[in-house]
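The structure appears below as C-alpha cells.
The values are calculated or read from the model by the stated rules, or taken from the named source; none is laboratory data. Note that the coordinates shown come from a computational prediction; the quantities given were computed from them, not determined experimentally. Because the Cβ atoms are built from the backbone with ideal geometry, glycine has one as well, and the counts that use them run over all protein chains shown. Ligands, DNA and RNA are excluded from the accessible area calculation, which covers all protein heavy atoms including side chains. Shrake-Rupley method; radii C 1.70, N 1.55, O 1.52, S 1.80 Å.
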Amino acid sequence: MIDRATIDKIMDATNIVEVVGDFVTLRKAGVNYKGLCPFHDDKTPSFMVSPTKGICHCFACGKGGNAVNFLMEHEQITYPDALRWLAKKYNIEIQERELTDEEKREQNDRESMFIVNEWAKDYFHTILNNDADGTAIGRQYFRSRGIRDDIIEKFCLGFALSKRDALSNEALRKGYKEEFLVKTGLCYKRESDGSLVDRYAGRVIFPWFNISGRVVAFGGRLLDSRTKGVQQKYVNSPDSEIYHKERELYGLFHAKRAIAKEDCVYMVEGYTDVIAMHQCGIENVVANSGTALSYHQIRLLHRFTQNIVLLYDGDEAGIKAAMRGTDMLLEEGMNIKTLLLPDGEDPDSFARKHTAEELRNYIEHNKTDFIEFKTQLMLKGVTDPIKRSEAVSSILKSVAVIPDQIVRETYLRECSIRLGMSEQTLIDSVNKFIRSNREEKEKENRRENRSEESVQDSVKVDIGFHSVSEQNDQVERMLVQCIIRDGEKTVLKGIETADGQLIDLNVAQYIDYDFAADDLQFSNPLYNRILAETLEHCGEEGFQAQPYFANHHDVEISKLASQLIVNRYHLSASMQIKEREGQLLSRVRHLISDLRMDILNSRMKDVKRELQNAGNDMARVMPLLGKLNEIKQLRDQLATELGNDLGN
C-alpha cells in the first residue's frame, strides 16, 4: 500500500505534458497542447493536454483525466502501478508494506505475467554476463555481429542456456508459478509427460518492450553455427494477454523520443537492424520483425509522426517487404518514403560500415516517394499493354486510399506526367476506386449493424423507460460541474443564521443548504461524495476544488472532474468574458430549480401510471388524485418562479 503523503508527493511532482508526451507527440496550442488521441482512431488532433489544470481530454471519444487516469487507461494497469510508474519517472521513493501471500495470489494474471517476464529478462541478461557459457557463446555471438557492450546493456540482450529446463527450474525455485511460465510463452509443456520445456534454450535473447518499457515478449535466435538448414532461425513469444504481435513494434520504447524529435521514423525488418542503427547513432528506428504491418502498429507510430521511411535491403525479399502494408500506411495518412539499400546490404551491415551522418546523408539523397517507387518498380521494362494496365491500376488503387484530397491530386498530376496519360483519365479511375472502397466499407458496416440490431432495439426500449432519469442526471452533472469548477467561491454574503450570526456561503454550501430545505440529494452517489468532500475541505486555507478533484485518489472522481473541468476551446485572456457578480449564483439557482422540476415531472408520471393501474378502485384513485393535484401545484409554482428568474 502507498501512503497518502507519498501519493501527494507523486502528484505534486507530476507534469501531465511530460507524462502524455512519453506516448503522444504533442504540439503547443495556445496555453495547452494537442495531439492525436491514443484511445481511438484519430485522424486530426483532438486530444488536449492542459498543463495548468493537470489534465488531458479527448473531445472525440471523451477519454482522459489526470496523469494517473491516463496511464491506467493507456497501459491497462492498476491505480497503484500507475503511481509506481510516476514515482519511478520522477525519482520518488515509495515505502510499501510487503504484500501478504493471499494478496499475492489475488494479483491478476496480467500483472503476474509482467512480473515473470521482467524476471526472465534479468535472468537471460545475467546468464549472458556472468555464466561461463553465456559469456563464451552468447556474448561472443553479439560481439561477432559488432554489437558493443553498451548497446547490449541498452537493449537488455541475453542468452538462454542449452539445457531445456534451466529457466523453468530456476523460476520454480524462485517461487514463480508454472501457470505464468506457460501463459507468457517462456515455457511449454511436453504432451507425453506434462513436464516444462524452455522455449528459447540455446538461443540469444531479444526482449520486447512495450511503449511504456514493460517486457511483453521475447525473441530468441539460433546461433549462426546452428542455422544451416534450419528454417526457423527465430522463435518469438506466442500471443498472450499482454502481447499481441500485431500491436507491438520492436524498438519503439527506445525510439519514441527520437521519432518525435526528428518527426520521422525508419522502418526496418529485424532486431539486429534496429540495434545496429542505434549503435550507429540513429535512434528513430523500429522493426515489424518480418510480419505484415497492422493498423494498430501504424496508428501507434502516427501518434509520434506521419513521416515514415521504409528501409530494406534491395533483394526480392526486401522489395516485397517494402510493398507490404503500404496501402494501409497511405490510408492512415502517413507520408511514405522508400529506400532499398545496395545489393548484398541490409540496414544492419550498412549501418555498421557508416557513421550516423553518412547514413543520414545516404538516406536523404536516395529515399524515394512511395508512389514514384511503385511506379518505377511496376512499370520497369513492361511493354505488354495488359500488364501495363494492371500495373497502372495497382498504382492508382494506392493513390485512391490517400485521405487528403490535395495530396491525391498532387500524386495524380505526377503520375500523369510519368505515365504519359491524361490526368482526367487517371482522376476518373481513382474516383471509381474511391467509390468502390466506400461501397465495400458500407457493406461491411451494414453487416455489422445487422448483427447488432437486436442489441440496439433493447437499448432503445431501455432509453424509453429511463429518459426522465437521464434528464435528471444531466442537470445533476451540471450542478456537480459547478461544484468542481467553483465549489469554494463565495456566492452569498452576510446571510443571517437562526442564532443571529452572519455567514457567507460558497457554491457547495449554497447547494447543500438549498437541498436540505426539501431533503434532496443527488441520485448519483459519486456526486454526493463530491459535494460532501467539498463541504469538508472548503474551510481550509487555499483549498481549490478544481485541482483537488482533478488529482483525487479515487480514479472515478478524478476522471469525472477532468471531463467537467475541460473547455473545448481556450480563449486568450483578452477574449474571455468574465462572469459578473451574481451570475454564478443565478446559474446554480436555475440548475437546482431545473432539478426540482425534473423530479416533479418524474413523480407526476409515476402517479399517472399508478392511476391507470388503479382502474375503478376509488379507494386507491382518490388519494392518488389528491397527490397528483399537489404535485401539479408545486410544479406550476416552480415554473412561475423560473419564468420570473429568467425574465430578470
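Tally time: how many residues in region 433-447 are free of Cβ contacts under 8 Å to residues at least 12 places away in the same chain and either under 9 Å from A400 (Cα atoms) or not charged (D, E, K, R) (or both)?
Filtering region 433-447 for residues free of Cβ contacts under 8 Å to residues at least 12 places away in the same chain gives 435-436, 438-447.
With either under 9 Å from A400 (Cα atoms) or not charged (D, E, K, R) (or both) added as a condition, the list becomes 436, 445.
The total comes to 2.
Of all residues in region 361-375, count the ones that are under 21 Å from M328 (Cβ atoms) and either without any contact (Cβ under 8 Å) to a residue 12 or more places away in the chain or surrounded by 17 or more Cβ atoms within 10 Å (Cβ to Cβ) (or both). Working first, answer last.
If we filter region 361-375 for residues that are under 21 Å from M328 (Cβ atoms), which is where we start, we get 367-375.
Those still in the list that are either without any contact (Cβ under 8 Å) to a residue 12 or more places away in the chain or surrounded by 17 or more Cβ atoms within 10 Å (Cβ to Cβ) (or both) too: 367-368, 370-371, 373-375.
Total meeting the criteria: 7.
Scan region 158-173 and give yes if some residue there is aliphatic (A, V, I, L, M), assigned to a loop (DSSP other than H, G, I, E, B) and open to solvent by less than 60 Å² (accessible area, probe 1.4 Å), otherwise no.
Kept after step one, since they are aliphatic (A, V, I, L, M), are these residues of region 158-173: 160-161, 166-167, 171-172.
Retained after the next criterion (residues that are assigned to a loop (DSSP other than H, G, I, E, B)): 160-161.
Within this subset, residues satisfying the condition of being open to solvent by less than 60 Å² (accessible area, probe 1.4 Å) are 160-161.
Yes; the residues of region 158-173 include at least one that is aliphatic (A, V, I, L, M), assigned to a loop (DSSP other than H, G, I, E, B) and open to solvent by less than 60 Å² (accessible area, probe 1.4 Å).
In contact with a Cys (Cβ under 8 Å, 6 or more places away or on another chain), of a type outside the set (D, E) and open to solvent by 20 Å² or more (accessible area, probe 1.4 Å): which single residue out of R199, R148 fits that description?
Unique residue meeting the criteria: R199.
Go through the residues of region 284-304 one by one and say whether even a single one is β-branched (V, I, T) and open to solvent by 10 Å² or more (accessible area, probe 1.4 Å). Let's see the steps before the verdict.
To start, the set of residues in region 284-304 that are β-branched (V, I, T) comprises 285-286, 291, 298.
Filter again for open to solvent by 10 Å² or more (accessible area, probe 1.4 Å), leaving 291.
Within region 284-304, one or more residues are β-branched (V, I, T) and open to solvent by 10 Å² or more (accessible area, probe 1.4 Å).
List pairs: first residue in region 58-70 and within 22 Å of A87 (Cβ to Cβ), second residue part of a strand (DSSP E or B) and open to solvent by 10 Å² or more (accessible area, probe 1.4 Å) anywhere in the structure, Cβ distance under 6 angstrom, at least six positions apart or on different chains.
G64/H57
With (1) in contact with a strand residue (DSSP E or B) (Cβ under 6 Å, 6 or more places away or on another chain); (2) in a helix (DSSP H, G or I); (3) among the small types (G, A, S) as the list, and S289 as the residue in question, which single condition is left unmet?
(2)
Being of a type outside the set (A, V, I, L, M, F, W, C), under 29 Å from G220 (Cβ atoms) and either open to solvent by 60 Å² or more (accessible area, probe 1.4 Å) or touching a Cys at 6+ places or on another chain (Cβ under 8 Å) (or both): is that true of D346 here? Show your work before the answer.
Working: of a type outside the set (A, V, I, L, M, F, W, C): yes; under 29 Å from G220 (Cβ atoms): yes; either open to solvent by 60 Å² or more (accessible area, probe 1.4 Å) or touching a Cys at 6+ places or on another chain (Cβ under 8 Å) (or both): no.
In short, no.
Could you list all residues from region 6-41 that are in a helix (DSSP H, G or I) and either without any contact (Cβ under 8 Å) to a residue 40 or more places away in the chain or under 24 Å from H302 (Cα atoms) (or both)? Steps first, please.
Going through region 6-41, the residues in a helix (DSSP H, G or I) turn out to be 6-13, 16-21.
Answer for region 6-41, where residues must be in a helix (DSSP H, G or I) and either without any contact (Cβ under 8 Å) to a residue 40 or more places away in the chain or under 24 Å from H302 (Cα atoms) (or both): D8, D12, I16, V17, E18, V19, V20, G21.
Within 36 Å of the chain's Cα centre (by Cα), modelled with pLDDT of 85 or more, assigned to a helix (DSSP H, G or I) and surrounded by 20 or more Cβ atoms within 10 Å (Cβ to Cβ): is that true of A532 in this structure? Walk me through it before giving the result.
On the way: within 36 Å of the chain's Cα centre (by Cα): yes; modelled with pLDDT of 85 or more: yes; assigned to a helix (DSSP H, G or I): yes; surrounded by 20 or more Cβ atoms within 10 Å (Cβ to Cβ): no.
When the stated conditions are applied, A532 does not pass them.
Quick check on my filter: what residues within region 215-239 are modelled with pLDDT of 90 or more, open to solvent by 10 Å² or more (accessible area, probe 1.4 Å) and out of contact with any Gly (no Cβ under 6 Å at 6 or more places or on another chain)?
Passing the criteria: R221, D239.
Restricting to region 1-26, and then to whatever is among the acidic types (D, E) and farther than 15 Å from K261 by Cα, can you tell me which residue is most open to solvent (accessible area, probe 1.4 Å)?
Taking region 1-26 and keeping what is among the acidic types (D, E), we get 3, 8, 12, 18, 22.
With farther than 15 Å from K261 by Cα added as a condition, the list becomes 3, 8, 12.
On the way: D3: 70, D8: 64, D12: 130 Å².
Looking at residues that are among the acidic types (D, E) and farther than 15 Å from K261 by Cα, I get D12.
List, please: which pairs have Cβ atoms under 9 Å, are six or more places apart or on different chains, and start with a residue in region 599-612 that is among the acidic types (D, E) and end with one that is open to solvent by 40 Å² or more (accessible area, probe 1.4 Å)?
These pairs meet every condition: E610/R620; E610/K627.
Looking at region 542-549, can you tell me whether even one residue there is among the polar types (S, T, N, Q), under 24 Å from I10 (Cα atoms) and open to solvent by 30 Å² or more (accessible area, probe 1.4 Å)?
To start, the set of residues in region 542-549 that are among the polar types (S, T, N, Q) comprises 544, 546.
Now drop any that are not under 24 Å from I10 (Cα atoms), which leaves 544, 546.
Filter once more, keeping what is open to solvent by 30 Å² or more (accessible area, probe 1.4 Å): 544, 546.
Scanning region 542-549 turns up at least one residue that is among the polar types (S, T, N, Q), under 24 Å from I10 (Cα atoms) and open to solvent by 30 Å² or more (accessible area, probe 1.4 Å).
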